[in-house]
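Here's the structure, in structure tokens; my notes come after.
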Amino acid sequence: MIYRFHNGWVALPDGAVGAADIAVTDGVVTAVTKMGETPADRVIDLEGGWLLPGFIDTQVNGGGGVLFNDQVDVAAIAAIGAAHARFGTTAFLPTLISDTPAQIAAAMAAVDTAIEQGVPGVIGIHIEGPFINEVKRGIHEAHQIRRLDDDMLATLTAPHRGRVMLTLAPELCDEEDIRTLVRHGVVVSAGHSDATYDEAQRAIGAGLTGFTHLFNAMSPLHHREPGAVGAAFDSDSYCGLIVDDVHLHPAVVRLAVKAKGIDRIMLVTDAMPSVGTHDSEFTLQGKRIAVKDGVCIFEDGTLAGTHLDMAAALRKTVEVTGMSVPDVSTMASATPAAFLSLHDSIGAIAPGQRADWAWLDAALQPRSTWISGKIVSNTALDSVQAAQ
């Protein structure tokens, strides 16, 4: 199958082009050439918009009215994935916030089954807590917080079909435990942490490679006590950013990108079940969370994830930074792919990559989404037609 995209911009690794032919075999890109060099099977008029690599979201608590903590099964994962695919997300980690060991094991098993059954988009799981610091717990339930023990180490390090990402507070974990996790392929990230600079740096030395929603729920940067944020800046780690006009001031977004670069900053949503719905509230572990003006908030003022999708995160980042669409797109695709060590298969429009694409219009609103060369969400059916 050869797709022809024209009258817009196609974001390729070497820069954006105005048109391109993309050959796909068995869901994988086999060639990207100039438009018109070969007959096309499908012609898509981008109408002045963008074809971008599909977005990769490493932090998705829910969507489509479903919260992963409440429903750890394949149907829930499929519903969450479908909700986010409407906004250009082609790969995601269903995210379980602090919960019981039994629920963690069940969630990991559900993700394994979802991957085995070919649920579109799911590439692993993100376990966010419960091995976090109570003073930085945010909306996480205090009674769920615990120390990492041998039983949980065994659960987390058992063979799994997809990537396993774990957010923990490094100051409350042994360095040897972090080494064990990393040795078994777990991607370890610091979050909900009150770590000192030295504690965070020791964890980085043990193999920690990420910082979950940088700045939020972690020890801040101070000129005499750099904290977890300082360690993130002073290392080669990857950092997730929630760009929604609420979690971070625009100046902080700009400073983070300048400090780390587009190859180390990842856009994340931290999305809750309201994404993809018109719901004005939802329940999170017994708490009523209101969704007002795009903000998810508990009655005491605590933020509870977001009502953010990846297309909106990209739009907002372009707006507050003034960066180009391809550069911001890198932070939504290639960088999270590299963080998860999946850059050989997803995160770019290039030969050998899965045919995962997001078509956004000129205003950066989502139009269509492809996963493995198949349309999974389409608001522009009339623009996709067989070539004459």
**Q.** Residues of the range 322-340 with amide N under 14 Å of a point placed 7 Å along Cα→Cβ from Asp14
**A.** none
Q: Enumerate the residues in the range 43-77 having an amide nitrogen under 19 Å from the point lying 7 Å beyond the Cα of Met35 toward its Cβ.
A: 43-53
Q: Within the range 182-217, find all residues whose amide N lies under 15 Å from a label point positioned 7 Å from the Cα of His249 along Cα-to-beta-carbon.
A: 215-216
**Q.** Amide H within-cut-off set for Val43, under 5 Å, with H built and near neighbours excluded
**A.** Arg4, Gln385, Ala387
**Q.** Additional length obtainable on full extension of the chain from Arg288 to Thr25, 0.36 nm per residue less Cα span
**A.** 90.0 nm
Q: Among Ala256, Ala348, Ala142, determine the one that fluctuates most according to a GNM of the chain built with springs between C-alpha atoms less than 10 Å apart.
A: Ala142
Q) By average Cβ neighbour count within 10 Å, what is the ranking of 354-364, 243-253, 31-41 from highest down? A) 354-364, 243-253, 31-41
Q: Taking only Cα atoms and a 10 Å spring cutoff, compute GNM fluctuations for the chain and point out the largest among His343, His143, His126.
A: His143
Q | Order of Ile204, Ile375 - criterion: other Cβ atoms within 10 Å of each residue's Cβ, fewest first | A | Ile375, Ile204
Q | Gyration tensor (Cα) of the range 215-354, equivalent ellipsoid semi-axes in angstrom | A | 26, 21, 14
Q.
Shape verdict for the range 293-343, please, from the Cα gyration tensor: rounded (a/c under 1.5), prolate (a/b greater than b/c) or oblate.
A. oblate
Q.
Taking 0.36 nm per residue of sequence separation and subtracting the Cα-Cα distance, how much length would be gained by fully extending the chain between Phe298 and Asp236, in nm to one decimal?
A. 18.9 nm
Q. Considering the chain as a Gaussian network with a 10 Å cut-off on Cα pairs, which listed residue, Thr330, Thr100, Thr167, attains the greatest mean-square fluctuation?
A. Thr100
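Computed from the coordinates by the stated procedures, all read-outs in this text should not be read as laboratory data. Keep in mind that what you see is a predicted model, and the values were worked out from it rather than measured. Glycine also receives a Cβ, built like all others from the backbone with ideal geometry; neighbour counts cover every protein chain displayed.
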